[in-house]
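Participant: Structure provided below as structure tokens; questions to follow.
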Amino acid sequence: MSRVLIIDDEPALCWSLAEALRQQGHIVQTAGSVEQAGQRFGDFSPEVIAVDVRLPGVDGLTALSAWRRDRPEIPVIVMTAFGDLPTAARAFAEGAFDYLVKPFDLHAFTEVIARALQREPMETAASFGTSDSELTGSSPAMQAVYRQLALIAPTPYPVLLLGETGTGKELAARAIHRHSRVAEGPWITVCPAALNPALIESELFGHVRGAFTGAQESRTGLFEAAAGGTLFLDEIADTPLAVQVKLLRVLETRRFSPVGSGEERTTSARVLAATHRDLPQMIAAGTFREDLYHRLSAFTVQLPPLKDRMEDLPLLVERLIRLAGEDIRPAGIAPDFLTALSQRAWPGNIRELRNAVDHAIVMARGRVIHAEHLPAAPRRSQIETPADTAANPDQKLAEAVAAWVRSQLDAAPDQLPDGLYAVAHQHLDTALLPTVMRLTQQNRTAAARILGLDRATLRSRLRGISGGEIVGGEED
């Protein structure tokens, strides 16, 4: 039998939790405040403590700090109905064994008590800050994110942030940096896809004088500049394969060489990365290295899309309005405004929401904002750009070809296929030529011009994919 102390100022909740534990054979006592719990310690000597954050008198987090100092052997589970990132961060920083957000089911509670009785309590982490003005939301989906960020932040390991465009991946990365042990160090963010392909290695790793045409002076790279801090690689999926190899080496050895130099340097920068792309799919297509993915994804955080946390809309709108200047801030928010927001799909997530709220603020001109002040909802085709979709058409084609080649090679691993180019060429003709013919209304002269072929070659290839019959009329 194990002894468990539950501290919460809700008697009904205390009774429910205690009964669930007693049915499993535990000895349980309850208290309505930290002061009352102190009177139980001498006689009861709890092996596990479950404590609410908001209590009359001394709050649960303050008590947690004292218990970790005076009774470090007792695992403490923190419970709260008001979870946010600062609360989660402080709880884990003070050494909480785990963190539960109300309402939780009894199974979740009894399961974490069982784990606490079987495992050593966590070591006290470095102290976190307690303010976070960017990540917003109290939905279960965001509570899960806060908990992950709080656990990951004090570690030195890479983190991969996943989620649709506009879900706040960079905000999450900044939160990790602020709550990390290198928070006083530099914060550097870079999007590899936005760099000049010819100079991306120089940007990341630096170069020495004369390394290439135009390199008149040596330059420090971002990995070196971020030493003692955090380097955030946004949209990591768009990094060229050749650079992915070097990123993997830096992550594994902490060593790199500037372009044009044989000298190795080291970096102490922590690496965070983010993408909205499907990396396992890219691995299958041969456009992203599997070893780099595994090195980055030891810790992953999935940012939820706005459609999965619509209950956060009021909080998000309030925060966006606070960001507006006082001279244009509206007098209030009408119920029909929030109703209209809840009826939209928000494929652009928080970024799209911010644009809509900014538009409404301007249109309201200091008055209460209503649904009529929102911009028209864009059609899906208006908001799909190459950056918002899984890949642009050229990228999709390259990935499809790479996946097909891999399937051909995997079909007979002990024997490489012969004539792969001819087979691929036949497949391409089968898809390409009829499509162009349809677009030109079977006009072979126009189709040949688009394809860059002469009419005789086009005629021959059309016959080759149609079983001897000509596709399209003989006359143009």
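Participant: Of the residues 58, 48, which single one is modelled with pLDDT of 90 or more and farther than 18 Å from residue 109 by Cβ? Spell out the reasoning first.
Facilitator: On the way: 48 fails: farther than 18 Å from residue 109 by Cβ.
Exactly one of 58, 48 is modelled with pLDDT of 90 or more and farther than 18 Å from residue 109 by Cβ, namely 58.
Participant: Please go through the range 219-249 and give me each residue that is in a strand (DSSP E or B) and not polar (S, T, N, Q), ordered by number.
Facilitator: If we filter the range 219-249 for residues that are in a strand (DSSP E or B), which is where we start, we get 219, 230-233.
Matches in the range 219-249: 219, 231, 232, 233.
Participant: If we keep just the residues of the range 166-218 that are among the charged types (D, E, K, R) and outside any loop (DSSP other than H, G, I, E, B), which is surrounded by the fewest Cβ atoms within 10 Å (Cβ to Cβ)?
Facilitator: The selected residue is 170.
Participant: For residues that are assigned to a helix (DSSP H, G or I) and loosely packed, with under 15 Cβ neighbours inside 10 Å, scanning just the range 250-269, find the one that is farthest from the chain's Cα centre (by Cα).
Facilitator: Only one residue tops the list, namely 253.
Participant: Filter the range 293-352 down to the residues that are open to solvent by less than 20 Å² (accessible area, probe 1.4 Å) and among the charged types (D, E, K, R), then identify the one that is nearest to residue 280 (Cα to Cα).
Facilitator: 309
Participant: Let me ask something additional. Of all residues being among the hydrophobic types (A, V, I, L, M, F, W, C) and at pLDDT 90 or above in the range 228-244, which is nearest to residue 186 (Cα to Cα)? Just the residue, please.
Facilitator: Selected residue: 231.
Participant: Please go through the range 11-26 and pick out each residue that is open to solvent by 60 Å² or more (accessible area, probe 1.4 Å), free of Cβ contacts under 8 Å to residues at least 40 places away in the same chain and either in a loop (DSSP other than H, G, I, E, B) or in contact with a helix residue (DSSP H, G or I) (Cβ under 8 Å, 6 or more places away or on another chain) (or both).
Facilitator: Correct list: 23 only.
Participant: May I pose another question? Looking only at residues in the range 42-79 that are among the polar types (S, T, N, Q) and not in a loop (DSSP other than H, G, I, E, B), which one is surrounded by the fewest Cβ atoms within 10 Å (Cβ to Cβ)?
Facilitator: Step one: filter the range 42-79 for residues among the polar types (S, T, N, Q), giving 45, 62, 65.
Filter once more, so that each one left must be not in a loop (DSSP other than H, G, I, E, B): 62, 65.
On the way: 62: 14, 65: 16.
Residue satisfying both the conditions and the ranking: 62.
Participant: Could you give me the residue pairs with C-beta distances under 6 Å whose first residue belongs to the range 35-50 and is over 17 Å from residue 116 (Cβ atoms), whose second residue is polar (S, T, N, Q) and open to solvent by 20 Å² or more (accessible area, probe 1.4 Å) wherever it lies, and which are 6+ apart or on separate chains?
Facilitator: From residues that are over 17 Å from residue 116 (Cβ atoms), the pairs are 40/29.
Participant: Moving on to the next point. Could you identify the single residue in 376, 447, 402 that is modelled with pLDDT of 80 or more, surrounded by 11 or more Cβ atoms within 10 Å (Cβ to Cβ) and on the phi < 0 side of the Ramachandran plot?
Facilitator: Answer to the selection: 447.
The values are calculated or read from the model by the stated rules, or taken from the named source; none is laboratory data. Just so it is clear, the structure is predicted and the values come from calculations on it, not from any experiment. Note that we place each Cβ from the backbone using ideal geometry, even for glycine, and neighbour counts take in every protein chain shown. These accessible areas exclude ligands, DNA and RNA; they are computed on the full protein's heavy atoms, side chains included. Shrake-Rupley method; radii C 1.70, N 1.55, O 1.52, S 1.80 Å.
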